[in-house]
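Input: a single structure, listed below in structure tokens.
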Amino acid sequence: MDSTLPPGGTANQHYDVLILPKADFEGPQRRRSSWWKSTQPLAGHENLPLSVREGVQRSNGFAPETHDKGSLGCGRAKLRMRSTTALVRELRQSDVSFVDGLVALAFGRPGRPQLGPNAMPPGEICYVAEIDGTRVGFGAARGYGEVAYIGPMAVDPSVRRQGIATSLLRALIAFFQGSGCGTFLLDATESGAPLYERFGFADVDRTDVYERDAKAGISAESAVGLNERDFLQAAAIDRRITGCDRRVTLRRFAQDSNASLAVHKHGFAITHGRVVGPWLADSGSVARILFHAALQVRPEANIVFVPRSNQEAISLVTDAGFVLKRSLRHLCGGGPSPMRRMSIFGQGSLAHG
Ligand SMILES: CC(C)(COP(=O)(O)OP(=O)(O)OC[C@H]1O[C@@H](n2cnc3c(N)ncnc32)[C@H](O)[C@@H]1OP(=O)(O)O)[C@@H](O)C(=O)NCCC(=O)NCCS
């Protein structure tokens, strides 16, 4: 088994990570000061198999020694530990039903990352954590050039607070940092946010989930505007507003069998399944036109993920009968977010931004 964690790891690599029982921590003060450099020897690791020591060291290679604002990393590995070992590996096709079940269990509702026939969705990295061959956790992220969007992340309730999500997150960050990504964004639940804060993530906004009563069925209306020219126009607008190259993700949304795409010179809206989003526009008036076009073509659409900082978006969705159902913390780690959230009226999803 390959126990190292190289930047930009490739398919089918396995990473050894340590799961630290809570009782093994030396206390909050010690923990806080445990940022370290990967070149430093790890106190307390002498009795661990070499492969495990190396795996931990490499997996912390991105961690700075001090907890500077904007830096990412978690210094957990320096703590006294026993040799409970978990494996973090890439997702396989045979993991799909496990992930479905875990995500449904963790979030209290069905929902899954959009896994393709080969399990790993294009442009994404998905990791599964195992203890003694039993799968216990899942984490995913997707890269948009210099930005990566993290989510979903879920751990089996029976093994929470043992560092499994920390290991998954560390592996995801290392992967994307290895491919030149410096900014990490995500929408966190209240219970999930402390995990990210330990890596240096900070609140930059909120993402509110608005819903309205579902209209039965899926519209028989054929997809509108799903031609390449419209798609490329939408992708160019998306790049200007988000500062990221999200073409792979946009194409996935647009290729959903129930997707519609409405494009304007100054904005676009994709409706996929029951979600209106990504829905981006330079002004509220353009956003209004796009929203009404989207709802006209897909009257069954009843979910919008709205950046809290975009008050015009909130007015548009509430005027259309949507009500606030949930709210998440929009967190940023590493470099500053390039996204103009005031021009984002609806995200594509909570995991994709
Ligand atoms: C959030 C979640 C993924 C964390 O998994 P985990 O393996 O238990 O996380 P870790 O053990 O690595 O936790 C690391 C740190 O994060 C913080 N943390 C994790 N869960 C927390 C919780 N429920 N409340 C407060 N802090 C929490 C703690 O600081 C924790 O360190 P500690 O145990 O030493 O205090 C898991 O609780 C889960 O699946 N929740 C349901 C789904 C969800 O909310 N996903 C996150 C979406 S953003």
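The values are calculated or read from the model by the stated rules, or taken from the named source; none is laboratory data. The model shown is predicted, which means the values in this text are computed figures rather than measured ones. Reconstructed Cβ throughout: ideal geometry from the backbone, glycine too, with neighbour counts over all protein chains shown.
All told, ARG326 meets the bar of being outside the structural domain of LEU172 (by TED's automatic domain parsing) and under 23 Å from PRO194 (Cα atoms). Residue pairs whose Cβ atoms lie under 6 Å apart, separated by 6 or more positions or on different chains, with the first residue in region 130-146 and more than 17 Å from VAL96 (Cα to Cα) and the second modelled with pLDDT under 95 and part of a strand (DSSP E or B), are ILE131/ALA86; ARG142/GLU124. For SER179, the conditions (1) within 20 Å of LEU91 (Cβ to Cβ); (2) more than 10 Å from the ligand (Cβ to nearest atom); (3) crowded, with 24+ Cβ neighbours inside 10 Å all hold with the exception of (3). Of the residues making up region 127-142, not one is within 13 Å of ALA351 (Cβ to Cβ) and surrounded by fewer than 24 Cβ atoms within 10 Å (Cβ to Cβ). How about region 142-154: which of its residues are assigned to a strand (DSSP E or B) and farther than 13 Å from PHE201 by Cβ? Scanning region 142-154 gives ARG142, GLY143, TYR144, VAL147, PRO152, ALA154. Mind checking which residues of region 152-176 are within 9 Å of the ligand (Cβ to nearest atom), crowded, with 19+ Cβ neighbours inside 10 Å and hydrophobic (A, V, I, L, M, F, W, C)? Matches in region 152-176: MET153, ALA154, VAL155, ILE164, ALA165, LEU168, LEU169. Here GLY145, GLY192 are screened, and the one residue that is within 12 Å of the ligand (Cβ to nearest atom) and either under 30 Å from ALA294 (Cβ atoms) or in contact with a Pro (Cβ under 7 Å, 6 or more places away or on another chain) (or both) is GLY192. Among the candidates ASP256, ASP245, the residue that is assigned by TED's automatic domain parsing to the domain that holds ALA320, within 24 Å of GLY143 (Cα to Cα) and touching a Phe, Trp or Tyr at 6+ places or on another chain (Cβ under 7 Å) is uniquely ASP245. Of the residues making up region 263-278, those that are surrounded by fewer than 24 Cβ atoms within 10 Å (Cβ to Cβ) and over 23 Å from the mean Cα position of the chain (by Cα) are VAL263, HIS264, LYS265, HIS266.
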